[in-house]
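Novice: Encoded as structure tokens, here's the structure I'll be asking about.
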Amino acid sequence: MKGGASSPTLATGAPQALPFTKLLVANRGEVAMRVLRAARELGLPAAAVYTTDEVGALHCRTAIEAVCLPGRGAAAYLDVPSLIAAAREVGADALHPGWGFLSESPALAAACATAGIAFVGPSPEALALFGHKVRARDFARAVGLPVLRGSPEGVDVHQAQAFLRSQGAAPVMLKAVGGGGGRGISRPLRSAGDIEAAFAQCAAEAEAAFGDPALYVEGLVEHAHHVEVQVLADRSGQVVHLHERECSVQRQRQKLVEIAPSPCLRERPELRDALIRDACRLFDRGHNTAAGHAAYVGVATVEFLVEEGGYHFLEVNPRLQVEHGVTEQVTGVDLVATQLYLAAGVSLPALALTQVEVGAPRGFAVQARINMETIAADGSAAAAAGTLRLYSPPTGGALRVDHCGFVGLNPSAAFDPLLAKVIGSGRCFRGAIAAALRGLEDFAIDGVRTNLGLLRAILCDPEFVEGVAVHTRWLEERLPRLLEAADADEGKVCERLPVEGHLTEGHREGAGAGHGEEVAQPGADARSLPSPISGTVLEVMVAEGEVVQAGAEVAVLGAMKMEHVVSAPAAGRIVRVLRVAGEAVHAGQPLVYLREGNLLEGGGDGAEALDLREAKRETPAAVTSLIKLREARLDVARPQPTARRRAIGKNTARENLEALLDKGSLVEYGALVRPAQASKGEEDRYLGDGVITGVGRLGEQWLCVLACDFTVLAGTQSRNNHPKHDRLFELARRRGLPLVAWLEGGGARLGDTHNPICDSQLMVSTFYEMAALSGAVPTVGVVTGLCFAGNANLAGMTDCLICIRDANVGMAGPALIAGGGLGTVAPTDIGPMSVQVPNGVVDLLAESDVHATTLARQYLSFFLDASIPPRHSLVDAEGFRQLIPESSKRAYDVMAVVRALADAGEALELRSGFGRALITALVRIEGVAVGIVANSPLHLGGAIDSDASDKAARFVSLCDAHDVPLLLLCDTPGLMVGPEVEKTALVRHSGRLLIQLAAITVPVVSVVIRKAYGLGGLIMLGGKRTSTDLILAWPTAELGGMGTEGAVKILYGKQLREISDEGARRELEAQLVAAVKAENTAVKAAARFEVDEVIDPADTRRCVASALGAATSSSRGPRRGRKHVVDAWSNAMFTYFPL
């Protein structure tokens, strides 16, 4: 069951039908959603359970039906009879326990067996061994694994204290016998008093989580790496591993960040191999049988603590783990589907899951757990309350998000606070971190507090990025610093309670003054500033002792829903403040006392007067606020997303625009647009709503530009940014402005509407407006990363699509493919350049973001400047004469001819990897922009096939639409022939090219540089002689109705067959071929007036430039409006006639 790195799926050939009729998911939250998704992909109907604490939960709405359990909170999920009754009620014949609760309970597995329900997990006997932490430790010791010293099961406080004393000075931990996941585990305990204080709490937590309060004590290794191995075992006794993962980033023994494979073992392969071997030994049938245990069937995780000197067995989790997703990402194995098939008795080889087929890990994956909680500096966590008002998980890119959130969710403190898991994948560890960081950055959550800021801080920490220094106490030791970084990342400040002594004595004295009450005067030299109205003091803006200038704002009063500012009438010092905010005042009551004069800051006799006249005027608050808001969208204000882009060698969206346009010329449209569901406190993070649109100047030409910002909600299309697209496209069409669009990102942003279920977004006009630009203005698409769905559709409608080498373009991303039931694939497996270049989707392949921008500028130059001052050719006269080999059978690179004809540095080949029998290129000849179509003898000998026909037809249409003249360089034996080529519909495709040539109106010059035979030759001469403006031939040219050898075989075949002597027959055939060739030379063709002139190759540039100059001399000036569209694939001559 192997699939892509983005979201796991079944392997080709894996069994698709399960023997179960219905599955009951006996869990809740995110794990229930994960199991329901796997069941849906396998076509297995699945039901859910819930409690009255969580009515309306997402897993209940996702399942085909749901049963309400009796009881409330976690206790309801620990009730075995109720779960069995729920399974019977819905008619389920299989039960998946998820993780936590009863997932390791032999009682539930046994009850399922008694009821005839398949338990998706190990047998009751296997759970009794491995689900019991003490028995599992003893079994591991018996098998030969290194284990930590620990107590027997079910210790009391006194026994635990005795064990601690036996350890000497080494610390210990209390742990739950019957569960995992960090529940029922104490902090490090170093004294008898510590044990007494922690014992009751751990026992209560274990009973609440697993229904068993029993505890044991275990020695503690304080600065170790937590590494675990994923193991699979089937009924036949076969065992395979899916490599290891690391979970060292823990908060109070609960994991927050997981990584696969383990970074700490990258340089320790021998230790890694030994650890994996030991993990698999636990499930060896021989060891189990010898110890009297049943064989293990299902998935399991074996946990270890890894030190510098070795490792220790920790425990076995005989179930699915919360962190299973990182293993799925690097192996492509769907662990939930695997559980279901193993429970049905299917063997691992039948699932294509032998160790050889599993292979090595593919890159890295990093998972961050988003919890609805607040964390204190000591590591203690408190469940967060509230209601989710905004919930928009990130999509696209190398991201996977498993979650259970929705707008309106009101979390219950009775359950685990896990809301979502963001998993980033990458070819290297840092790439996976960058992907996960982008997901955390783009995850929009409001209404309930989460640990998002802390997770971002962890993933940005240099020690975490290095990977090796992170151990199980690392987060605890760095937590205060990380929380500080998290606050800074969120742009928040710590809340502070008001201080009791904040009011000065002057405040207290004035606070009680009533209407008409005498207030003690501060001195005869001070004047009062009275309230001009009766109202409420909204704000006091000065303090006692403060020096103010004339006109400075002193207080703000409120009355009748209006604000009134009281200003200082003159410069001076505030000597008494009488009012506080919230106090009611009457007209005439004094607010403050002011001693006038140009006083020094610290007092004095005025000898050094403070010149307040020269003080700068303050910028109005509204302008200041706007400036800050506008600056918030810039890269400098977003250091983390910008750093992540640079870490993977890519520019930001703004950097790409700056590289294209003249400095300072960009004028943005809709820069302050926010997502439809953005809420207070989150607005500035999403300014622009994931796309930058505007106009800017490139030299003398203005352009419309669009750049999807992958760092903002994955550059997806949304309810509010569709109008930004539409506005720009309409402006480009109306004003005749070329368009350049960077289109990295996904398609529609699901959930970014007021009603994500019912709002289909089918009324958007973005795609229509983009299509309407075809043929009206030049359009360029640039893709520098992942481009899927709607963005890919826009890219496919551009005249020229430029992609960098590691980009991906596809009509659906991983989520949409999986949602369509087509399995799970990695984003990098969808439309890579190894596919999209040879299939003709991509016009130009770039090596980097900077190179892509350079290519965009170069491409546009051919359409923006029809003529510029000419440059010389790079080839001299003799060089032109040496371009074609003397032998007509010798292949050569026709691009050398194209570059020789072009002005120096003015040649750009399009779609070089597709339809290679013909070259299409934009060049300048004597300063004039020209489109060249040339046969390539390096491919099919220059014979024209279906792909080449389509490529040339579209290029001819493109040039005609934008009034670029054409030069046809002919060296072809004709159209490609044979049974195989007919399978490609060449009959139609070659017709497309002829139809296109017959419809164009731009000047056409044809040069026969070597062969012009058959219908292919006729096509390269423009379709007919009079349709071109000039037909030239080089002395090396040959023209004929078909190739000379073929013509001889057809015309003289009978005569040749009658000669029995092979030598004589070959001699005659050679003579006949020579005679035919002599009649097909360029000079003979000119004598028949089949060509206009035979020229010295060195004179080609001059002749072509003159012919094109003559053809365009009668032009009536620039054309406005659309001539015809440029079809996205080949040709489409839909002519538009002006009224």
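Novice: Can you tell me which of Asp759, Asp684, Asp752 is surrounded by fewer than 19 Cβ atoms within 10 Å (Cβ to Cβ), under 30 Å from Gly426 (Cβ atoms) and at pLDDT below 85?
Specialist: The match here is Asp684.
Novice: Here's something else I'd like to know. Hey, any hits in the range 304-314 for a residue that's within 23 Å of Val249 (Cα to Cα), aromatic (Phe, Trp, Tyr), touching a strand residue (DSSP E or B) at 6+ places or on another chain (Cβ under 6 Å) and open to solvent by 10 Å² or more (accessible area, probe 1.4 Å)?
Specialist: yes
Novice: Checking the structure you have, find out if any residue of the range 344-367 is touching a residue at least 24 places away in the same chain (Cβ under 8 Å), touching a Pro at 6+ places or on another chain (Cβ under 6 Å) and in a helix (DSSP H, G or I).
Specialist: The answer is no; no qualifying residue exists.
Novice: Can you pull out every residue in the range 938-968 that is part of a loop (DSSP other than H, G, I, E, B) and either open to solvent by 40 Å² or more (accessible area, probe 1.4 Å) or of a type in the set (Lys, Arg) (or both)?
Specialist: Matches in the range 938-968: Leu938, His939, Asp963.
Novice: So Leu822 ticks every box in (1) out of contact with any helix residue (DSSP H, G or I) (no Cβ under 6 Å at 6 or more places or on another chain); (2) buried (at least 24 other Cβ atoms within 10 Å of the Cβ); (3) among the aliphatic types (A, V, I, L, M) but one. Which box is left unticked?
Specialist: Condition (2) is where Leu822 drops out.
Novice: Now a separate question. Only one of (1) of a type outside the set (Asp, Glu); (2) open to solvent by 20 Å² or more (accessible area, probe 1.4 Å); (3) part of a helix (DSSP H, G or I) is not met by Ser990, so which one is it?
Specialist: Among (1) of a type outside the set (Asp, Glu); (2) open to solvent by 20 Å² or more (accessible area, probe 1.4 Å); (3) part of a helix (DSSP H, G or I), Ser990 violates only (2).
Novice: Another question about this same structure. Do we find a residue being open to solvent by less than 20 Å² (accessible area, probe 1.4 Å) and either of a type in the set (D, E, K, R) or at positive phi (or both) anywhere in the range 335-344?
Specialist: The answer is no, given that none of the residues of the range 335-344 is open to solvent by less than 20 Å² (accessible area, probe 1.4 Å) and either of a type in the set (D, E, K, R) or at positive phi (or both).
Novice: Can you tell me which of Glu1067, Glu1045 is among the acidic types (Asp, Glu) and under 22 Å from Pro937 (Cβ atoms)?
Specialist: Only one candidate passes the filter, namely Glu1045.
Novice: Here is a check on your reading of the model: is Phe862 on the phi < 0 side of the Ramachandran plot, of a type in the set (Phe, Trp, Tyr) and touching a strand residue (DSSP E or B) at 6+ places or on another chain (Cβ under 8 Å)?
Specialist: yes
Novice: Moving on to the next point. Pick from the range 471-480 the residues that are of a type outside the set (Ser, Thr, Tyr) and open to solvent by 10 Å² or more (accessible area, probe 1.4 Å): which of them is farthest from Cys264 (Cα to Cα)?
Specialist: Step by step, filter the range 471-480, then rank; the result is Pro480.
Novice: Return only the number of the condition from (1) open to solvent by 20 Å² or more (accessible area, probe 1.4 Å); (2) touching a helix residue (DSSP H, G or I) at 6+ places or on another chain (Cβ under 9 Å); (3) farther than 22 Å from Ala385 by Cα; (4) not in a helix (DSSP H, G or I) that Gly71 does not satisfy.
Specialist: Gly71 satisfies all of (1) open to solvent by 20 Å² or more (accessible area, probe 1.4 Å); (2) touching a helix residue (DSSP H, G or I) at 6+ places or on another chain (Cβ under 9 Å); (3) farther than 22 Å from Ala385 by Cα; (4) not in a helix (DSSP H, G or I) except (3).
Novice: Right, another one. Only residues that are under 21 Å from Glu886 (Cβ atoms) and of a type in the set (Val, Ile, Thr): list them for the range 1035-1079, please. Walk me through it before giving the result.
Specialist: In the first step, residues of the range 1035-1079 are kept if they are under 21 Å from Glu886 (Cβ atoms); the result is 1035-1040, 1043-1045, 1070-1071, 1073-1079.
Correct list: Thr1036, Thr1044, Val1073, Val1076.
Novice: If Leu855 meets every condition in (1) touching a Phe, Trp or Tyr at 6+ places or on another chain (Cβ under 9 Å); (2) within 21 Å of Val740 (Cβ to Cβ) apart from one, which number is that one?
Specialist: Failed condition: (1).
Novice: Across the range 1039-1056, which residue is farthest from Met1020 (Cα to Cα) among those that are among the aliphatic types (A, V, I, L, M) and assigned to a helix (DSSP H, G or I)?
Specialist: Leu1056
Novice: Let me ask another. If you go through the range 628-643 one residue at a time, how many are within 15 Å of Leu672 (Cβ to Cβ) and open to solvent by less than 30 Å² (accessible area, probe 1.4 Å)?
Specialist: Residues flagged as within 15 Å of Leu672 (Cβ to Cβ) and open to solvent by less than 30 Å² (accessible area, probe 1.4 Å) within the range 628-643 amount to 1.
Novice: With the requirement that a residue be in a loop (DSSP other than H, G, I, E, B) and buried (at least 22 other Cβ atoms within 10 Å of the Cβ), what does the range 827-841 give you?
Specialist: Pass one, the range 827-841, residues in a loop (DSSP other than H, G, I, E, B): 830-831, 837-841.
Once the filter is applied, which keeps residues that are in a loop (DSSP other than H, G, I, E, B) and buried (at least 22 other Cβ atoms within 10 Å of the Cβ), the range 827-841 yields Ile830, Gly831, Val841.
Novice: Testing Ala198 on (1) open to solvent by 10 Å² or more (accessible area, probe 1.4 Å); (2) within 11 Å of Val172 (Cβ to Cβ), one condition comes back false. Which one is that?
Specialist: Looking at each condition in turn, Ala198 falls short on (1).
Novice: Residues being assigned to a helix (DSSP H, G or I) and open to solvent by less than 20 Å² (accessible area, probe 1.4 Å): count how many of those fall in the range 164-186.
Specialist: Residues flagged as assigned to a helix (DSSP H, G or I) and open to solvent by less than 20 Å² (accessible area, probe 1.4 Å) within the range 164-186 amount to 1.
Novice: Taking the conditions exactly as written (hydroxyl-bearing (Ser, Thr, Tyr) and farther than 26 Å from Leu342 by Cβ), does Ser151 satisfy them or not?
Specialist: Working: hydroxyl-bearing (Ser, Thr, Tyr): yes; farther than 26 Å from Leu342 by Cβ: yes.
Yes, satisfied.
Novice: Listed residues Ala1070, Ala1012, Ala1075, Ala1064; which is modelled with pLDDT of 90 or more and either part of a strand (DSSP E or B) or open to solvent by 20 Å² or more (accessible area, probe 1.4 Å) (or both)?
Specialist: Result: Ala1012 is the single residue among Ala1070, Ala1012, Ala1075, Ala1064 that is modelled with pLDDT of 90 or more and either part of a strand (DSSP E or B) or open to solvent by 20 Å² or more (accessible area, probe 1.4 Å) (or both).
Novice: Whether any residue in the range 969-979 is in contact with a strand residue (DSSP E or B) (Cβ under 9 Å, 6 or more places away or on another chain) and either under 21 Å from Ala856 (Cβ atoms) or surrounded by fewer than 23 Cβ atoms within 10 Å (Cβ to Cβ) (or both) is what I want to check.
Specialist: Here is the first cut: in the range 969-979, the ones in contact with a strand residue (DSSP E or B) (Cβ under 9 Å, 6 or more places away or on another chain) are 969-976.
The next check asks that each one be either under 21 Å from Ala856 (Cβ atoms) or surrounded by fewer than 23 Cβ atoms within 10 Å (Cβ to Cβ) (or both); those that pass are none.
No; the residues of the range 969-979 include none that is in contact with a strand residue (DSSP E or B) (Cβ under 9 Å, 6 or more places away or on another chain) and either under 21 Å from Ala856 (Cβ atoms) or surrounded by fewer than 23 Cβ atoms within 10 Å (Cβ to Cβ) (or both).
Novice: List every residue pair whose Cβ atoms sit under 8 Å apart, with the two residues 6 or more apart in sequence or on different chains, where the first one lies in the range 643-667 and is within 21 Å of Arg805 (Cα to Cα) and the second, anywhere, is open to solvent by 30 Å² or more (accessible area, probe 1.4 Å) and among the polar types (S, T, N, Q).
Specialist: Pairs found: Arg645/Asn651; Gly649/Ser848; Ala659/Asn651.
Novice: For the range 1078-1102, enumerate the residues that are part of a helix (DSSP H, G or I) and either open to solvent by 60 Å² or more (accessible area, probe 1.4 Å) or over 15 Å from Ala1012 (Cα atoms) (or both).
Specialist: Answer for the range 1078-1102, where residues must be part of a helix (DSSP H, G or I) and either open to solvent by 60 Å² or more (accessible area, probe 1.4 Å) or over 15 Å from Ala1012 (Cα atoms) (or both): Glu1079, Val1083, Lys1084, Ala1087, Pro1097, Ala1098, Asp1099, Thr1100, Arg1101, Arg1102.
Novice: Just for strands (runs of 3 or more DSSP E) wholly inside the range 376-468: which have at least 2 residues that are in contact (Cβ under 8 Å) with a residue 60 or more places away in the chain, among the charged types (D, E, K, R) and within 29 Å of Ala807 (Cβ to Cβ)? Walk me through how you get there before you give the answer.
Specialist: Working: elements: 381-383, 386-392, 399-403, 418-426, 444-448.
Output list reads 399-403.
The values are calculated or read from the model by the stated rules, or taken from the named source; none is laboratory data. Bear in mind that the values here come from a model prediction, so they are computed numbers and not experimental data. No Cβ is skipped: glycine too gets one built from the backbone with ideal geometry, and neighbour counts run over all protein chains shown. Surface accessibility is based on the protein's heavy atoms, side chains included, excluding ligands, DNA and RNA. Shrake-Rupley method; radii C 1.70, N 1.55, O 1.52, S 1.80 Å.
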